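Take a look at the structure set out below.
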Amino acid sequence: MHALISGASVAGPVLAYWLRRHGWRVTVVERAADARAGDGGHAVDLFGPAVDVIERMGLLDRVREARTRNDTITLFREGRAPITLATADLATGIPGRHIEIMRGPLAGLLHEVTRDDVDYRFGTVIERLDGATAVLSSGDTVDADLVVGADGLHSGVRALAFGPEERYRRFLGAYLAVYTLPDVLGTGPTVAAFTAPGLAATVYPTLTPGLSRALFLVRSQQELRGDGKEILRGLAGDRLGPRVAAVLEHLGAAGDFYFDDISQIRMDSWSRGPVTLVGDAGYGPGPAVGGGTSLAAAAAYVLAAELATGPVDDALRRYEAALAGPVRHSRRIGPSVLGAIVPRNRAQVWLTAQATRLLPRLPRPARRWLTSFGGGPAAMLDGLVLPPAGATRS
């Protein structure tokens, strides 16, 4: 059996690893020129079952070693004293195991553990699909038994197999921007946070001394088109004060700038014939709002386990049934988390500051309730039971 997977970030390599364990041949195509395994990307969370998947892959110790070490967060307010608290206080509402790691190091570890027996083709996309026969941008044709789109929100596989993105995308009214810059704030290992109506920014350390990464979440009632850097400048303006103005001064020189809308893909079914989707390509809470990476990793494991136990069409039906609950939950997370971390008005900015200041002093049950986002990203996977790793397919 042969699987062709599009996407080499997280879900693709996880799926490739387990399919190889079950005796499949696996080809992974990726638009990027390499595995993007450096110190890049923004921080992502691994919750509960996703941590279990990483452990079953033998990577738990290495992932823990590569985790972010942001032990404190400081909320800066113009004209007022900053508020500092331990990030552990913000994680009180997260049940079970949790690891925060930069996307780049995670992708690097997943690529490393699969590269020797998976056919990776970087700088390559699927241009045409006829069932499970794919014509690649390299000119090669791959005859597979299964094609998997693990290629994100703007999935090329989804467009080829299911039609235009506009049919399925729901814009959540916000944009995400991420880029690397020198540690101009001098905050070192502390996460610096800033809020204004419709706007939230954090600047946090990378694994490279002297470098920081800025992440902006910006509300917009309308979908915007054009240069992402100019859109960010226009939406952010000078509303976050001189510290963030210094951060924005490095926007023009940022070579790793990433900008995208925060949207969800909503589909009644994410499988059609021998083609299926994993993660943001077919479902998920949306970029940067928490839990999408965990859902994708756990879903990839479930899909591989189902494919090990029977015909492809039956396996895809079981895969969708197993993910139905978490996917329904994921659709509530984006709006809920955005509502909590990107204030809509000055009153919410003030309430956010007060909650931050009071959080360490509250009883643990109150802290757990305030930091759970109403049963958000961590709870999304509570009902998902991972099947056994299974026997290797002969």
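The values are calculated or read from the model by the stated rules, or taken from the named source; none is laboratory data. On a predicted model such as this, the values are computed, not experimentally measured, just so you know. With ideal geometry, Cβ positions are generated from the backbone for all residues, glycine too; neighbour counts draw on all protein chains shown.
Could you please let me know if Leu207 is under 19 Å from the mean Cα position of the chain (by Cα), surrounded by fewer than 21 Cβ atoms within 10 Å (Cβ to Cβ) and not in a strand (DSSP E or B)?
The answer is yes for Leu207.
Which residue is surrounded by the most Cβ atoms within 10 Å (Cβ to Cβ), if the candidates are limited to segment 150-167 and must be assigned to a loop (DSSP other than H, G, I, E, B) and not aliphatic (A, V, I, L, M)?
This residue is Asp151.
Of Leu129, Leu110, which residue is modelled with pLDDT of 95 or more, touching a helix residue (DSSP H, G or I) at 6+ places or on another chain (Cβ under 7 Å) and outside any helix (DSSP H, G or I)?
Leu129
Go through segment 267-290 and give me each residue that's over 22 Å from Arg219 (Cα atoms) and not in a strand (DSSP E or B).
Passing the criteria: Met267, Asp268, Ser269, Trp270, Gly273, Pro274, Val278, Gly279, Ala281, Gly282.
Of everything in segment 291-341, what is of a type in the set (Val, Ile, Thr), in a helix (DSSP H, G or I), under 22 Å from Val147 (Cβ atoms) and out of contact with any strand residue (DSSP E or B) (no Cβ under 7 Å at 6 or more places or on another chain)? Give them in sequence order.
Listed by number, the residues that qualify are Val302, Val327.
Considering only segment 142-149, I want to know if a residue exists there that is surrounded by 15 or more Cβ atoms within 10 Å (Cβ to Cβ), over 30 Å from His2 (Cβ atoms) and of a type outside the set (Lys, Arg).
No, segment 142-149 contains no residue that is surrounded by 15 or more Cβ atoms within 10 Å (Cβ to Cβ), over 30 Å from His2 (Cβ atoms) and of a type outside the set (Lys, Arg).
If Gln221 meets every condition in (1) of a type in the set (S, T, N, Q); (2) surrounded by 15 or more Cβ atoms within 10 Å (Cβ to Cβ); (3) assigned to a loop (DSSP other than H, G, I, E, B) apart from one, which number is that one?
(2)
Take Thr27 and tell me if it is in a strand (DSSP E or B), among the β-branched types (Val, Ile, Thr) and surrounded by fewer than 19 Cβ atoms within 10 Å (Cβ to Cβ).
So Thr27 fails the test.
Quick one: is Arg170 assigned to a strand (DSSP E or B) and touching a His at 6+ places or on another chain (Cβ under 7 Å)?
no
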